[in-house]
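Q: Quick one: this structure, given as structure tokens, is what I'll be asking you about.
Quick note: the coordinates plus some simple rules give every number you see, no bench work behind them. The shown structure was predicted, so the numbers you read here are calculated from the model rather than taken from an experiment. As a convention, Cβ positions derive from the backbone with ideal geometry for all residues, glycine included, and neighbour counts pool all protein chains shown.
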């Protein structure tokens, strides 16, 4: 087992994603047990990136379902191509062909497969990323249980469609609402927290080519200290990488090179007016000095 996890670590690191031992173990177990993995944590800590990384590591297609309030079966699972059905009926009437039966009209030829149905209909196993499941309502979450339990989908006109292959399933949640016990029981679970200094530094060095060690270290120090402030939305790893890329574009070698540029680029880190107002220039300079 340990040798397999270490091998997985190398393959994951090869994609530029830095994963700790607990996450690697969860990914290995998910793969070996064919169980969905629920990743929970604040926005921006790298949950969605795990799904993308997994698809690259195992060389599988990535099918992503972005959840939102009001998400329904037509968007997530399937719908009928009513326009094509009407055209078929019209063609039959014009050409005086045999009348199309209900079975003809409600067949695979007129079925539009959405992410959930696509994932279990794929000839080759894929990675199914169900992103921000906490944004969907409880009714959709309940519908999802059949897919996660038996990897099958019931369509009234066609019957039960069982999986051609079992996808690797990643669910992410920002914990904006409590998920049901039934959903949690069907999944393995891992919580992704904000990274510590050493891990975040490795992420920046891996994901932002050509950035110097000194600037990368100061950026990570600054962001780590920034997360200790009373902010509405703490910057995640994605924001750290955006800021590092922006400062690199400005050809900065250290944060002290251009204090005005540090202030001007804080929009990479702070995404609300309240948070920007909470960080006046003098406080920014103190954080720069502390990071240096």
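Q: Suppose the filter is closer than 13 Å to residue 170 by Cα and surrounded by fewer than 20 Cβ atoms within 10 Å (Cβ to Cβ); does residue 48 pass it? Give the derivation first.
A: On the way: closer than 13 Å to residue 170 by Cα: yes; surrounded by fewer than 20 Cβ atoms within 10 Å (Cβ to Cβ): yes.
Taking the combined requirement at face value, the residue satisfies it.
Q: Right, something else. Just checking, which of 155, 203, 170, 133 is in contact with a strand residue (DSSP E or B) (Cβ under 8 Å, 6 or more places away or on another chain) and more than 17 Å from residue 68 (Cα to Cα)?
A: Working: 203 fails: in contact with a strand residue (DSSP E or B) (Cβ under 8 Å, 6 or more places away or on another chain); 170 fails: more than 17 Å from residue 68 (Cα to Cα); 133 fails: more than 17 Å from residue 68 (Cα to Cα).
Exactly one residue qualifies, and that residue is 155.
Q: Scan region 95-112 and give yes if some residue there is surrounded by 12 or more Cβ atoms within 10 Å (Cβ to Cβ) and either closer than 17 Å to residue 72 by Cα or within 17 Å of the chain's Cα centre (by Cα) (or both), otherwise no.
A: First, pick out the residues of region 95-112 that are surrounded by 12 or more Cβ atoms within 10 Å (Cβ to Cβ): 100, 104-107, 110-112.
After this cut, where a residue has to be either closer than 17 Å to residue 72 by Cα or within 17 Å of the chain's Cα centre (by Cα) (or both) as well, the list is 111-112.
Looking through region 95-112, at least one residue is surrounded by 12 or more Cβ atoms within 10 Å (Cβ to Cβ) and either closer than 17 Å to residue 72 by Cα or within 17 Å of the chain's Cα centre (by Cα) (or both).
Q: Looking at 177, 202, 185 in this structure, which one is without any contact (Cβ under 8 Å) to a residue 24 or more places away in the chain, under 27 Å from residue 26 (Cβ atoms) and within 26 Å of the chain's Cα centre (by Cα)? Please lay out each step first, then the result.
A: Values: 177 fails: without any contact (Cβ under 8 Å) to a residue 24 or more places away in the chain; 202 fails: without any contact (Cβ under 8 Å) to a residue 24 or more places away in the chain.
Going through 177, 202, 185 in turn, the sole match is 185.
Q: In region 134-164, what count of residues is obtained for those that are in contact (Cβ under 8 Å) with a residue 60 or more places away in the chain, surrounded by fewer than 18 Cβ atoms within 10 Å (Cβ to Cβ) and assigned to a strand (DSSP E or B)?
A: 1
Q: Can I ask one more? When residues of region 53-79 are filtered for being in contact (Cβ under 8 Å) with a residue 60 or more places away in the chain and under 17 Å from residue 118 (Cα atoms), how many remain?
A: If we filter region 53-79 for residues that are in contact (Cβ under 8 Å) with a residue 60 or more places away in the chain, which is where we start, we get 54-55, 58, 60-73, 76-78.
Filter once more, so that each one left must be under 17 Å from residue 118 (Cα atoms): 55, 60-67, 71-73, 76-78.
Of the residues in that region, 15 qualify.
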